[in-house]
1. Identify the GluC sites (Glu not before Pro) of region 1-66 meeting these criteria: DSSP loop state and at most 13 other C-beta atoms within 10 Å of the C-beta.
2. Normalising by the residue count of region 1-112, find the relative contact order in percent from Cα pairs under 8 Å and 6+ residues apart.
3. Have a look at Leu103, Val16, Val41 and report the one farthest towards the positive end of the charge dipole of the chain, computed about the Cα centre with Cβ charges (Lys/Arg +1, Asp/Glu -1).
4. With each run of n ≥ 4 DSSP H residues scored as -39500 (n - 2.57), what mean residue ellipticity at 222 nm is computed for the chain after dividing by its residue count and rounding to the nearest 500 deg cm²/dmol?
5. So what are the ³J(HN,Hα) numbers for region 73-85, from phi and the Karplus equation (6.51, -1.76, 1.60; θ = phi - 60°), rounded to whole Hz, Gly and Pro as x?
6. Within region 11-104, which trypsin sites (Lys or Arg not before Pro) sit in a loop by DSSP and count at most 13 neighbouring Cβ atoms inside 10 Å?
7. Please report, as a whole percent, how much of the solvent-accessible surface of region 6-113 comes from carbon and sulfur atoms (probe radius 1.4 Å).
8. How about region 68-130: which chymotrypsin sites (Phe, Trp or Tyr not before Pro) there are in a DSSP loop, with at most 15 other Cβ atoms within 10 Å of their Cβ?
Amino acid sequence: MSGVDWPALKAAALAVQARAYVPYSNYQVGAALLTASGEIVAGCNVENATFGATCCAERAAVFAAVAAGHRAFQAVAVVTNGAAPGTPCGICRQVLAEFGNDLDVLCFTPEGIEQQYRLSKLLPHAFTLK
Ligand code: THU
């Protein structure tokens, strides 16, 4: 998307990645959402001793954004460590799709490996009650 300040979005994702609470997996994820109004809302993964109560970074970002009054988004940048960038899990794809399937999704590593997707390609035929 032409209007997206990708460097700013990536910087926000990297900053929040450092705050990830990951005592069990040691896998830090940072997600930064760009709202339709141009604000950036970030989230990190927060793990739990039950494992099942863990919340992914992407969902943490969406929930924080909705709580702040945002329901339309242009893009999300997701940063993970490792040789190749991780892509949002299935649950996070469905949660992102709730607010529109034409989202630009940039997955990247701190070393600069990156891959860009459209959410509609990551989650074709998302569930909808419509
Ligand atoms: N995780 C995310 O934050 N986002 C994803 O899309 C996939 C997985 C987190 C959950 C858990 O804290 C760790 O990565 C390992 O699964």
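1. Glu39
2. 25
3. Leu103
4. -7500 deg cm²/dmol
5. 9, 9, 7, 9, 10, 10, 10, 9, 8, x, 5, 10, x
6. Those satisfying the criteria are Arg71.
7. The nonpolar share, carbon plus sulfur, comes to 58 percent.
8. The qualifying sites are Phe127.
The values are calculated or read from the model by the stated rules, or taken from the named source; none is laboratory data. Because the structure is a prediction, the values reported are computed rather than measured. Every residue, glycine among them, receives a Cβ derived from its backbone with ideal geometry; neighbour counts consider all protein chains shown. Just so you know, the surface numbers come from the protein's heavy atoms only, side chains and all, with ligands and any DNA or RNA stripped out. Shrake-Rupley method; radii C 1.70, N 1.55, O 1.52, S 1.80 Å.
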